[in-house]
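The values are calculated or read from the model by the stated rules, or taken from the named source; none is laboratory data. Remember, it's a predicted structure, so these values are computed and weren't measured experimentally. Here the Cβ is made from the backbone with ideal geometry for all residues, glycine too, and neighbour counts use every protein chain on show. Protein only, heavy atoms only, side chains kept; ligands, DNA and RNA dropped before computing areas. Shrake-Rupley method; radii C 1.70, N 1.55, O 1.52, S 1.80 Å.
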Amino acid sequence: MIIEKRVLEALNRQINREFYSSYLYLSMSFYCTGEGLPGFAKWLLVQHDEERQHAGMLTRHILQRGERVALDAVEIPPNRWENIIDLFESALEHERSITASICNLTVLATEQRDFPVQSLMKWFIDEQMEEEASVEEILNQLRFVKENTSAIFIIDRELAHRTQSA
Ligand code: MG
């Protein structure tokens, strides 16, 4: 089943966004290592890996349908934040923008009657709901403890246990 040109372009743009997400979380992970927060750094590194997998799912879909993947330059992510709350606020804002782009891709796939892409986007929409919820959960904890460093230390230790997606 041929992929309509605009759908293919949108898929390739989404691949770029997933790679940017991956790069952003990697940069966030390095920042946390530098701030003496190894648990946050670990959690963000798992996130980094998941985003690469998302890009992989999109590239596989394009290749399975006999089309070409067009990789583009990945934007440079920021490398500093004011504090850990600021970092998670940025992460949430970023995930919401990704959710919006997935929804736009779904609308386009629906208009073009591209049911395989629609089906794939169903998985991505569910995943985005989980992503937003898990980032929000951490953000709420951070907002609750504010500048309390011993509480942040406890959250850091809890996050260190993450080995894969929630
Ligand atoms: Mg993603």
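Of the numbered criteria (1) open to solvent by less than 70 Å² (accessible area, probe 1.4 Å); (2) within 15 Å of the chain's Cα centre (by Cα); (3) over 20 Å from residue 32 (Cα atoms), the one residue 131 fails is (3). Would you call residue 144 farther than 22 Å from residue 96 by Cα, surrounded by fewer than 13 Cβ atoms within 10 Å (Cβ to Cβ), at pLDDT 95 or above and not aliphatic (A, V, I, L, M)? It is false that residue 144 is farther than 22 Å from residue 96 by Cα, surrounded by fewer than 13 Cβ atoms within 10 Å (Cβ to Cβ), at pLDDT 95 or above and not aliphatic (A, V, I, L, M).
Just the residues that are within 16 Å of the ligand (Cβ to nearest atom), of a type in the set (Gly, Ala, Ser) and under 16 Å from the mean Cα position of the chain (by Cα), please, taken from the range 1-54. Passing the criteria: 21, 22, 27, 29. Candidates 79, 83, 104: the one that is modelled with pLDDT of 95 or more and within 16 Å of the ligand (Cβ to nearest atom) is 104. Does the range 104-121 include one or more residues that are charged (D, E, K, R), over 23 Å from residue 40 (Cβ atoms) and open to solvent by less than 80 Å² (accessible area, probe 1.4 Å)? Looking for residues that are charged (D, E, K, R), over 23 Å from residue 40 (Cβ atoms) and open to solvent by less than 80 Å² (accessible area, probe 1.4 Å), one finds at least one in the range 104-121, hence yes. Each residue in the range 153-163 was checked for being open to solvent by 20 Å² or more (accessible area, probe 1.4 Å), of a type in the set (Val, Ile, Thr) and in contact (Cβ under 8 Å) with a residue 12 or more places away in the chain, and 1 of them qualify.
Of all residues in the range 28-53, those that are more than 13 Å from residue 162 (Cα to Cα) have Cβ atoms under 8 Å from Cβ atoms of residues that are of a type in the set (Lys, Arg), 6 or more apart or on another chain, in 29/42; 31/80. For the range 63-72, the count of residues that are in a helix (DSSP H, G or I) and not acidic (Asp, Glu) is at least one. Selection over the range 118-135 of residues that are in contact (Cβ under 8 Å) with a residue 12 or more places away in the chain and either more than 16 Å from the ligand (Cβ to nearest atom) or farther than 22 Å from residue 53 by Cα (or both) gives a count of 1. Considering 59, 110, the condition of being β-branched (Val, Ile, Thr), farther than 20 Å from residue 160 by Cβ and within 14 Å of the ligand (Cβ to nearest atom) is satisfied by 59 alone.
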